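The numbers here are math on the coordinates, done by the rules we state, and not lab data. If you're wondering where the values come from, they're calculated on a predicted model, not measured in any experiment. Note that we place each Cβ from the backbone using ideal geometry, even for glycine, and neighbour counts take in every protein chain shown.
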Amino acid sequence: MGLWAMLGTLLGAPAHARPAPPITVFAAASLSDALQAVGKAYTTRTGVPVRFSFAASNLLARQIEAGARADVFVSADGQWMDHVARAGLLVAGSRRDVLRGRLVLIAPADSHTTLRIAPNFPLAQALGPNGRLAVGDPAYVPAGLYAKAALTQLGVWPAVQGKLAPADNVRIALSYVARHAAPLGIVYETDARAESGVKIIGIFPENTHPPIDYPAAIVRGAGPAARGFAAYLNGAEAKAIFRRFGFRTF
């Protein structure tokens, strides 16, 4: 055995054969299913593994601000991305809007409730005397903020604001309805489509709330592979996957 072969045996695989370091992506909980599919496709194409941390965008933004290690941040709204940008924690010029979603009213899959979303529609009455409306916490969770905006625009917020079941992220709100802990909820369309335990009974008009856009950006100090993944999110292959999960792409 030659010298270099012996060194290779002693030191392990040569550098070019070592696994690529993973990319860490902090992403809104509502992207869980779609982004995991995108990450798998990216790894198949490039050999670079992608690991995700899914939570409410506000929580992820605070974690990045506190020094948590992330390469890419994908937020469920622009405000929390703005928050991270103001802290100087994003790579300049890397921010792009990737996706757009819709807001829907849901009920358990076996519910017989019917409602037409319109100004002053009887949402509070549909909840019943003890029912609660499952939403992301409207104090800080993007899905809850969109829900509050829509219900305010439609004139029904005062009647339901005392009948909420606030959740730390939209997937938890979804689960409340799926397991009959709440008779109605407001979530993103893509979340509702991913959960067989609920059904969509109405779609909120887009003019009742700010656009539900998902920006992505590279976090300052990210590894060199982050740029490749951020670019992939805006490419044709990733867009086709996102559309399969019900998102609209730019």
Expected max-MSF residue from L164, L174, L103 in the GNM of the chain (alpha carbon, under 10 Å) is L164
By the C-alpha gyration tensor axes a ≥ b ≥ c (rounded if a/c is under 1.5, else prolate when a/b exceeds b/c, else oblate), the shape of region 46-100 is rounded
Over the Cα atoms of the chain the radius of gyration and the largest Cα-Cα distance (Dmax), both in Å, equal 21.2, 83
For region 156-234, shape from the Cα gyration tensor axes a ≥ b ≥ c, cut at a/c of 1.5 then a/b versus b/c, turns out prolate
Here the gain from full extension of R227 to Q63, 0.36 nm per residue of separation minus their alpha-carbon distance, amounts to 56.9 nm
Toy charge model, Lys and Arg Cβ at +1, Asp and Glu Cβ at -1: the chain dipole around Cα centroid in debye, rounded to 20, equals 340 debye
Per the charge dipole of the chain (beta-carbon charges, Lys/Arg positive, Asp/Glu negative, Cα centre), the residue among V72, G101, G155 reaching farthest to the positive end is V72
With a ≥ b ≥ c from the Cα gyration tensor eigenvalues, square-rooted, and the rule rounded for a/c under 1.5, otherwise prolate when a/b > b/c and oblate otherwise, region 208-250 is oblate
So, for the Cα atoms of region 72-206, Rg and Dmax in Å stand at 15.7, 51
Of the residues A124, S111, V141, the Cα lying farthest along the dipole of region 86-173 towards its positive end, which is defined by charges on the beta carbon of Lys, Arg, Asp and Glu, belongs to V141
Label model pair I200, D82: point-to-point distance (7 angstrom along the Cα→beta-carbon line) in nm is 2.8 nm
Simple SL model, points at 7 angstrom along Cα→Cβ for V91 and T152; separation in nm is 3.6 nm
Place a point 7 Å from the Cα of A159 in the direction of its beta carbon; the residues of region 108-122 whose amide N falls under 20 Å from it are 108, 112-122
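Relative to the present Cα-Cα distance, how much length would full extension add between H180 and N130 at 0.36 nm per residue of separation?
16.7 nm
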With +1 at each Lys and Arg Cβ and -1 at each Asp and Glu Cβ, the charge dipole magnitude of region 103-203 around its Cα centre, to the nearest 20 debye, comes out at 160 debye
GNM of the chain, Cα pairs under 10 angstrom: of P205, P138, P129, the biggest fluctuation goes to P129
